[in-house]
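Worksheet: the structure to be examined is printed underneath.
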C-alpha cells in the first residue's frame, strides 16, 4: 500500500518535471541555449490562469488559452531580450541574462499579483480517486499530467524527426551559416523554439497550480529539478527527457516512502550524479558528433 | 569675472551660524530611530507588514503623548531582509552604523535573527524579536545579552503542543511532520525533549521542503507507523499541502500545529479540512477584547484603508507582538533616560508594569529571562472560514 501510493504520486510529480524539462529540450535542440528561468515561465502560466479565472471570473477554457498564449509571447520576449543580444556577440552571458529576466518576472508578479499564496480550484482536483473504497491518495488530475506529458513528448519527437520543418529546425543548431544558406529562417526558428519552451512550462504551470499553491516563487524549485531532469535525460531527446522526469519522480517518492524524507534530497541527487558519471551524456542522450 | 573670496567666506560663516543655531534645539527634537529588519517581500511579506503596522500604531500612540526623553519623537526605519540571513546582517549593520538606530527590531525568520544577534551583542545595541521563535535567539550565551523577545519561543511552544494534544486528543503516539530548515530543526529538538520528559515515544519524524507539492509519501509512513496525532511545523503554504495530502489519503487525524497556518489564507489553500488544524497563537482579535484590544482595532481601522475589522488584522500575532514589544521598548528607553545601548538594555529590567495586548506584563524582563511571553500566555486557535478564532469560541 505504502509503495503503491508512492508510485502513483511519484508518477504525477515526475511527469510535471518531465513536462518542464521538455521546455529545456526544445530550445537546446534548436539553438544550443536554454531559458534557465524555466520555473518563472511555469509560474506565469499558473498566475495568469488564476488571475483570469478567479479574479476576473472568466470561463476556465478561455482563461487557460489566453494564459498559455501569453506564456508563448513571454518566451519570444526571453529570446529577444535575454538570449539573442548575447548569442549574436558570441557571448555566454545569456546564462545569467535568462536567470535575471526570470527574477525580474518573479518580482513583477509579486508586485502586481500579491505576496500571498492563493489556491486555484479545478474540477479534476476535488475528490481523490478511490479504488474499491481505498483512497489512492491522488486526484484525477495527477493521472492527467503524465498523459499530457507523454503526448507532448510524442508530438515533439514526431515533429522534429519526421517533418521537413522539424529537420530544418534541427539543422540550425548543427551549422547556423549553412542552415541560413539553405534558406532556413533562423531567427524565426529560434524564436519559435523559445515560444514553445515557455508554452510547455505554462502548460505545466496550469496543470500543477490546482495541486500546489499559486505564488510568485512557486516555480523556483521545480525549475531546478526540471533542469536536473533535462540533463539526466540527455537534453537531446524528447522521449529521454520525459522518461527521465518520470524516473526522477518515482525515485524521489519511493525513497521518501521507504527510507524517510530526511534522505530524499541526498539520495535522489546522489543518484543523479552517479547516473551522469555512468553515462555522461545522460541516460538517453548521444554524444554530440560534429560533422565537418 | 572673479569671485571675491570674502563673499564666499561670508556665505560659509552664515551657513555655519545657521547650522549652529539649528543644532541646539535639534538635539532635543531629534527623533529616536527604531530599526526594523524583516521580510517585506516574498511569501512572508504579509507578516512583515503586520509587524510594521503593530509597531507603527504603538509609535503613533507614543508620539501623540509627546514622545520620549523630553519630547523626542520615535521614527521607524525599515529594511527588507528577503528572508535571507546575509541580507539581514547587511541591513542591520546599515541601521546601526549609518542610521544610528537606538534599537533593532527584527527577523521574522529564525535563521535571520540568529545571524543578526551576534552583531547586536558586539555593537551593544538592543535587539527586539517580535516574531521568530527559535530558542537560541534570546538564549544565545552572550554576556551581557542584548537580545529580547515578545513572541513565542519554540522550546515553550513545543511543551505546550504536547500538553494540548494530550489533553484534547489523548495523544499517545504523535507523528512529527516538519519543514526541512532551521525552524523545523529547532522544533524537532524541542518536541523530542518535551516528549522525552513525558515518556512519550513518537511514531516517526518526517520532513518536507517549502515548495513540495505532494506529502503523501511522508504521511503514509507516519500512518503506517501508527501515529495518532500529527505535530506540524511549517509556513502557511506547505502546511496547507500537508492538509491537502491528508485529505487525498482520506486520513482523519488530529493536527496540532505551530503558528505557521496563521500566516495567510489557510482555508482557501487547505480546503475543508483547514478548520481541523489547531495551532498556537499569542493573541486573537476575535472574542471579547480588553480596552487595549479595542483601542488597537480602532486605531488600525482608522489608519489602514484595507482594515475593516478584526479579520483584516492579519497575521494577528505579528501585530500584537510588535505592538507590545514597541511599547515595552519605549518604556525601557524612558527608564534608561538615554539612547545608549547598554542603558536601554538595563532599562528593560526596570520595566515594572505594562498593560499590553497579550497580557499585563509585570517585570517582564530580568537578566535571566529575556522572553516576555511565557507558557500560560498562549492561545490555541483554529480557522473558521477566514477568521482565526480561539478553539471552542465559534
Exercise. Distance from the Cα centre of the range B:354-394 to that of the range B:119-161, in angstrom?
Worked result: 17 Å
Exercise. Convex hull volume of the Cα atoms in chain A, per residue, in Å³?
Worked result: 140 Å³
Exercise. What ranking do B:258, A:157, B:327 get, fewest neighbouring Cβ atoms within 10 angstrom at the top?
Worked result: A:157, B:327, B:258
Problem set entry | Length-normalised contact order of chain A in % [C-alpha pairs under 8 Å, at least 6 apart] | 38 percent
Exercise. Once the Cα atoms of helix B:182-198 and of chain B are each reduced to a long axis, what angle between those two axes, in degrees from 0 to 90 to the nearest 10, is obtained?
Worked result: 50 degrees
Exercise. With the contact rule set at Cα under 8 Å and sequence spacing of 6 or more, what percent relative contact order holds for chain B?
Worked result: 16 percent
For this session: Indicate, rounded to the nearest 5 percent, the antiparallel portion of the DSSP beta bridges found entirely in chain B.
Result: 25 percent
Exercise. If one computes the Cα centroid of the range A:80-133 and of the range A:241-274, what distance in Å separates the two points?
Worked result: 23 Å
Seminar exercise, completed: In a Gaussian network model of chain B with springs linking alpha carbons closer than 10 Å, the residue among B:165, B:372, B:196 that fluctuates most is B:196
Problem set entry | Projected area averaged over orientations for the range B:255-321, convex hull of C-alpha atoms, nm² | 5.0 nm²
Exercise. Can you sort B:377, B:212 by how many other beta carbons sit within 10 Å, fewest first?
Worked result: B:377, B:212
Seminar exercise, completed: Under the 7 Å Cα-to-Cβ spin-label approximation, residue B:100 and residue A:103 lie apart by a distance in nanometres of 3.4 nm
Exercise. Points 7 angstrom from Cα along the Cβ direction at residue A:277 and residue B:355: gap in nanometres?
Worked result: 7.0 nm
Exercise. Helix A:186-208: angle to the longest alpha-carbon principal axis of chain A, degrees 0 to 90, nearest 10?
Worked result: 0 degrees
Problem set entry | Contact order relative to length of the range B:216-312, as percent, for alpha carbon pairs under 8 angstrom and 6 or more apart | 23 percent
For this session: Mind jotting down the distance between the C-alpha centroids of the range A:1-63 and the range B:276-323, whole Å?
Result: 38 Å
Problem set entry | Helical mean residue ellipticity (222 nm; -39500 (n - 2.57) per DSSP H run of 4+; nearest 500) of chain B | -14500 deg cm²/dmol
Seminar exercise, completed: For residue A:259 and residue A:162, extending 7 Å from Cα along the Cα-Cβ vector and measuring point to point gives, in nm, a value of 4.0 nm
For this session: For a footprinting-style exposure proxy, rank A:119, B:113, B:151 by other Cβ within 10 Å, fewest first.
Result: A:119, B:151, B:113
For this session: Go ahead and run the numbers for FRET between residue A:66 and residue B:143, Cβ-Cβ distance against an R0 of 45 Å, rounding to 0.05.
Result: 0.10
Exercise. Quick one: if the Förster radius is 35 Å, what FRET efficiency do residue B:375 and residue B:228 give, using the C-beta to C-beta distance and rounding to 0.05?
Worked result: 0.90
Exercise. Rg/Rh for chain B: what does it come to with C-alpha atoms and Rh from Kirkwood?
Worked result: 1.06
For this session: Express the Stokes-Einstein translational diffusion coefficient of the protein assembly as shown in µm² s⁻¹, to the nearest whole number, given a Kirkwood radius over alpha-carbon pairs, 10 °C and a viscosity of 1.306 mPa s.
Result: 58 µm²/s
For this session: Let me see the pair-distance distribution of the range B:92-248: every alpha carbon pair, 5 Å bin width, integer percents in order.
Result: 2, 9, 17, 17, 16, 13, 10, 7, 5, 3, 1, 0
For this session: Enter the angle in degrees (range 0 to 90, nearest 10) between the Cα long axis of helix A:94-113 and the first principal axis of the Cα atoms of chain A, meaning the one along which they spread out most.
Result: 40 degrees
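Where a number appears in this text, it was derived from the coordinates with a stated rule and is not lab data. Please read all numbers here as calculations on a predicted model, not as lab measurements. So basically every Cβ, Gly included, is an ideal-geometry build from the backbone, and we count neighbours across all protein chains shown.
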